[in-house]
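Just below is one structure, and these are the notes that go with it.
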Amino acid sequence: MIQSIKKHQFLLEELVKRDFKRKYKGAMFGMAWSIFNPLLMLLIMKVVFSHFFAGDIEHYTTYLFCGNIIFTFFSESTSEGMLALQGNAEIFTKVNVPKYLFLISKNTQTFLNFALTVLVFFVLCLFDGITFSFRFLLLLYPILMLLIFNMGAGLILSALYVFFRDMRYLWTVAMQIIMYVSAVFYSVDTFPEYAQKLFYLNPLFLFITYFRKIVLDNTVPSFGFHLIIAFYSLLALVIGILIYKKNDTEFLYYV
């Protein structure tokens with residue numbers, strides 16, 4: 001796959017440029033919306049949820065932002081990635097190129113947006129009195145794993161969307177459910193111990209929790225925690241790759 005990406009590097013670069021232009025075409029503030037959107041969502045969620053869920057959570061704004069930026073990155077990456085195949089059908093039906101390049105392009109675009117948001121997040125941490133430490137470097141791990149997980153989820157969703165167009169609407173509903181079960185704006189500490197363990201079945205909750213442990217608790221998650229995150233990420237990627245390989249030819253008949 002790596003050799004194939006290098007071979008089609010020019011095409012990938014052009015796809016990324018095209019996706020950026022399409023996303024911000026006609027927008028007065030352009031890429032600034034990548035920062036405005038999560039900040040506006042943060043403001044709304046803080047106003048709505050702080051009265052009910054803040055409780056004893058220290059640095060609730062940062063706590064909330066940790067969940068918000070991870071969820072937004074996952075949501076944008078998968079929602080846009082789902083349309084990657086169908087939206088580029090006019091290209092791969094005429095030219096024999098690896099179809100996953102279109103998904104990599106979408107993931108690259110959303111990752112750059114996420115990177116800008118993370119910078120704003122660090123600035124907010126300073127204002128919220130968060131103490132920075134060398135442990136912050138470990139945030140690279142969940143970010144890398146989330147990239148892999150998003151790629152795998154995108155491969156699965158984009159393949160399903162080709163055969164089942166209602167997937168777009170079902171995923172919108174699914175994203176709402178995922179947000180509520182990922183502890184974006186509340187703490188799971190109030191739940192019974194058995195219920196807290198159920199949250200570990202949700203990969204997005206693990207990514208959010210990793211961020212919070214590093215940023216707010218200044219602690220490094222256990223080795224087992226790292227393994228669980230890696231397992232979910234690699235599992236999603238392997239399943240996505242297998243689906244693409246199995247249906248590579250079939251895609252041409254359904255787009």
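Mind telling me which of the residues 140, 126, 119 ends up being surrounded by fewer than 20 Cβ atoms within 10 Å (Cβ to Cβ), within 22 Å of residue 231 (Cα to Cα) and without any contact (Cβ under 8 Å) to a residue 12 or more places away in the chain? So that I can check it myself, show each step before the final result.
Working: 126 fails: within 22 Å of residue 231 (Cα to Cα); 119 fails: within 22 Å of residue 231 (Cα to Cα).
Among 140, 126, 119, only 140 is surrounded by fewer than 20 Cβ atoms within 10 Å (Cβ to Cβ), within 22 Å of residue 231 (Cα to Cα) and without any contact (Cβ under 8 Å) to a residue 12 or more places away in the chain.
Test of understanding: among 204, 237, which residue is closer than 25 Å to residue 62 by Cα, in a helix (DSSP H, G or I) and within 19 Å of the chain's Cα centre (by Cα)? Working first, answer last.
Numbers: 237 fails: closer than 25 Å to residue 62 by Cα.
Every option except 204 fails the conditions.
Just checking, how many residues over region 212-234 are outside any helix (DSSP H, G or I) and either touching a Leu at 6+ places or on another chain (Cβ under 9 Å) or within 21 Å of residue 118 (Cβ to Cβ) (or both)?
Count: 6.
Kindly establish whether residue 101 is among the aliphatic types (A, V, I, L, M), in contact (Cβ under 8 Å) with a residue 60 or more places away in the chain and either closer than 30 Å to residue 59 by Cβ or crowded, with 16+ Cβ neighbours inside 10 Å (or both).
yes
Only residues that are within 23 Å of residue 119 (Cβ to Cβ) and of a type in the set (D, E, K, R): list them for region 134-169, please.
Taking region 134-169 and keeping what is within 23 Å of residue 119 (Cβ to Cβ), we get 134-151.
Once the filter is applied, which keeps residues that are within 23 Å of residue 119 (Cβ to Cβ) and of a type in the set (D, E, K, R), region 134-169 yields only 135.
All but one of (1) of a type outside the set (Phe, Trp, Tyr); (2) exposed (fewer than 14 other Cβ atoms within 10 Å of the Cβ); (3) touching a Lys or Arg at 6+ places or on another chain (Cβ under 7 Å) hold for residue 221, so report the exception by its number.
Unmet for residue 221, out of (1) of a type outside the set (Phe, Trp, Tyr); (2) exposed (fewer than 14 other Cβ atoms within 10 Å of the Cβ); (3) touching a Lys or Arg at 6+ places or on another chain (Cβ under 7 Å): (2).
So which residues in region 125-149 are over 19 Å from residue 209 (Cβ atoms) and either aliphatic (A, V, I, L, M) or out of contact with any Leu (no Cβ under 9 Å at 6 or more places or on another chain) (or both), if there are any at all?
Those that are over 19 Å from residue 209 (Cβ atoms) and either aliphatic (A, V, I, L, M) or out of contact with any Leu (no Cβ under 9 Å at 6 or more places or on another chain) (or both): 126, 127, 129, 131, 134.
Taking the stated definitions as given, is residue 159 more than 22 Å from residue 68 (Cβ to Cβ), surrounded by 18 or more Cβ atoms within 10 Å (Cβ to Cβ), of a type in the set (A, V, I, L, M, F, W, C) and within 19 Å of the chain's Cα centre (by Cα)? Step through it out loud before you land on a result.
On the way: more than 22 Å from residue 68 (Cβ to Cβ): yes; surrounded by 18 or more Cβ atoms within 10 Å (Cβ to Cβ): yes; of a type in the set (A, V, I, L, M, F, W, C): yes; within 19 Å of the chain's Cα centre (by Cα): yes.
Yes, satisfied.
Would you call residue 78 closer than 18 Å to residue 205 by Cβ, modelled with pLDDT of 90 or more and surrounded by fewer than 22 Cβ atoms within 10 Å (Cβ to Cβ)? Show your work before the answer.
Numbers: closer than 18 Å to residue 205 by Cβ: yes; modelled with pLDDT of 90 or more: yes; surrounded by fewer than 22 Cβ atoms within 10 Å (Cβ to Cβ): no.
So residue 78 fails the test.
Against the conditions (1) among the small types (Gly, Ala, Ser); (2) assigned to a helix (DSSP H, G or I); (3) within 15 Å of residue 211 (Cα to Cα), where does residue 152 fall short? Just the number, please.
Only one criterion is unmet by residue 152, namely (3).
Taking residue 183 and the conditions (1) on the phi > 0 side of the Ramachandran plot; (2) of a type outside the set (Asp, Glu); (3) not in a loop (DSSP other than H, G, I, E, B), which numbered condition does it fall short on, given that it satisfies the others?
It is condition (3) that residue 183 fails.
If you check 57, 91, which single one turns out to be at pLDDT below 85, over 13 Å from the mean Cα position of the chain (by Cα), in a loop (DSSP other than H, G, I, E, B) and among the β-branched types (Val, Ile, Thr)?
Numbers: 91 fails: in a loop (DSSP other than H, G, I, E, B).
One residue alone meets the criteria, 57.
Going residue by residue through region 104-120, is there one that turns out to be farther than 26 Å from residue 66 by Cβ, part of a helix (DSSP H, G or I) and not polar (S, T, N, Q)? Show your work before the answer.
Of all residues in region 104-120, those farther than 26 Å from residue 66 by Cβ come to 104-105.
In the following step, the residues that additionally are part of a helix (DSSP H, G or I) were identified as 104-105.
Filter once more, keeping what is not polar (S, T, N, Q): 104.
So far as region 104-120 goes, yes, one or more of its residues are farther than 26 Å from residue 66 by Cβ, part of a helix (DSSP H, G or I) and not polar (S, T, N, Q).
Got at least one residue in region 187-201 being at pLDDT 95 or above, among the small types (Gly, Ala, Ser) and surrounded by 14 or more Cβ atoms within 10 Å (Cβ to Cβ)?
No, region 187-201 contains no residue that is at pLDDT 95 or above, among the small types (Gly, Ala, Ser) and surrounded by 14 or more Cβ atoms within 10 Å (Cβ to Cβ).
The values are calculated or read from the model by the stated rules, or taken from the named source; none is laboratory data. Keep in mind that what you see is a predicted model, and the values were worked out from it rather than measured. As a convention, Cβ positions derive from the backbone with ideal geometry for all residues, glycine included, and neighbour counts pool all protein chains shown.
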